[in-house]
1. Looking at (1) open to solvent by 50 Å² or more (accessible area, probe 1.4 Å); (2) under 20 Å from Leu9 (Cβ atoms); (3) at pLDDT 90 or above, which is the one condition that is false for Phe24?
2. I'd like to know if segment 35-48 contains one or more residues that are in contact with a helix residue (DSSP H, G or I) (Cβ under 9 Å, 6 or more places away or on another chain), surrounded by fewer than 18 Cβ atoms within 10 Å (Cβ to Cβ), among the polar types (S, T, N, Q) and modelled with pLDDT under 95.
3. When the residues of segment 1-21 are narrowed to those that are assigned to a strand (DSSP E or B) and either open to solvent by less than 40 Å² (accessible area, probe 1.4 Å) or modelled with pLDDT under 90 (or both), which ends up nearest to Gly71 (Cα to Cα)?
4. Are there any pairs, at least 6 apart or on different chains, whose C-beta atoms fall under 7 Å, with the first in segment 94-106 and loosely packed, with under 10 Cβ neighbours inside 10 Å and the second among the basic types (Lys, Arg), and if so, which?
5. Output the strands (runs of 3 or more DSSP E) that fall wholly within segment 61-163 and possess 1 or more residues being touching a helix residue (DSSP H, G or I) at 6+ places or on another chain (Cβ under 8 Å) and modelled with pLDDT of 85 or more, or say none.
Amino acid sequence: WLGIHYIDLAMYLTGQRIVEVAGFAGNVGGQPIDVEDSSAVAFRFDSGTFGTFTSGYYLDKGYHSHLKIWGSHGWLAMRPSGGPPATLEWYSTKEADAPKVQSYAGPTEPSGYGPFVHAAVRAAVGLGKPPITAEEGALTLGTVFAFYEAARTGKSQPVDPQG
């Protein structure tokens, strides 16, 4: 449903490309629909950093999404939906004398999908810059297509950077 935005967010936060994915998708909520309502994605960035994204949209329970990225100096985790404002937590051994888990409870101004759509509409009518480039969009779509193929085959898949 909205997983593509969190895949894009993972690449934006890290400044890295996702190059390989594996995962599962299915209808586990039991609703009579012919599309997945849950996914579990594992991905590898071009630097070797790993990440996971789980998402679910259950008609009687709402959104349940979690993004986590692990690197050589720590991790970050985001629970972007399913309740109060997004919570970002991270742990870094690189910039702290005494590493500890830190958190950010989200912005006070409007955030999320609304400002992204606003920027996209402004760009479409020539009043601003697009919120993402065509290359970023193609890479994000390529990541999603590779995920669906991984879920279908049960084998990890490389990401086509051309989408």
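The values are calculated or read from the model by the stated rules, or taken from the named source; none is laboratory data. Just so it is clear, the structure is predicted and the values come from calculations on it, not from any experiment. Here the Cβ is made from the backbone with ideal geometry for all residues, glycine too, and neighbour counts use every protein chain on show. The accessibility values were calculated without ligands, DNA or RNA, using every heavy atom of the protein model including side chains. Shrake-Rupley method; radii C 1.70, N 1.55, O 1.52, S 1.80 Å.
1. With (1) open to solvent by 50 Å² or more (accessible area, probe 1.4 Å); (2) under 20 Å from Leu9 (Cβ atoms); (3) at pLDDT 90 or above applied to Phe24, the lone miss is (2).
2. Yes, segment 35-48 has at least one match.
3. Ile18
4. Taking only residues 6 or more apart or on different chains, not a single pair turns up.
5. Because the criterion is at least 1 residues that are touching a helix residue (DSSP H, G or I) at 6+ places or on another chain (Cβ under 8 Å) and modelled with pLDDT of 85 or more, the strands (runs of 3 or more DSSP E) in segment 61-163 that meet it are 62-71, 74-81.
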